[in-house]
1. From 44, 14, 51, which residue is under 21 Å from residue 1 (Cα atoms) and modelled with pLDDT under 95?
2. Given the conditions (1) in a loop (DSSP other than H, G, I, E, B); (2) of a type in the set (A, V, I, L, M); (3) modelled with pLDDT of 95 or more, which single one is not true for residue 1?
3. (1) over 15 Å from the mean Cα position of the chain (by Cα); (2) surrounded by fewer than 16 Cβ atoms within 10 Å (Cβ to Cβ): which one isn't true of residue 22, the others all being true?
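The values are calculated or read from the model by the stated rules, or taken from the named source; none is laboratory data. None of the values given here were measured: they were computed from a predicted structure. Ideal geometry is used to build each Cβ from the backbone, glycine not excepted, and the neighbour counts take in all protein chains shown.
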Amino acid sequence: MDPRLAQLLQKTSLYGTLAMYYEHIDPEKHIFFYKKHIENEMQLVQLYWSLHPTMRSQTWEEYPS
């Protein structure tokens, strides 16, 4: 796996977990971590598609199992 992809996966997961943790404890922290989660998630998707451009045009039936 590409190290940049691995790092973004880690960050996205961490921020998502922290956002869920703070959801009912501290709304400001929840919003802060949720925004970080979304930012990293968008970067993750963009990087993924830049590394796998041919998969973008495939149909679900063509994806490897």
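1. Working: 44 fails: modelled with pLDDT under 95; 14 fails: modelled with pLDDT under 95.
Every option except 51 fails the conditions.
2. (3)
3. Going through (1) over 15 Å from the mean Cα position of the chain (by Cα); (2) surrounded by fewer than 16 Cβ atoms within 10 Å (Cβ to Cβ) one by one, residue 22 breaks only (2).
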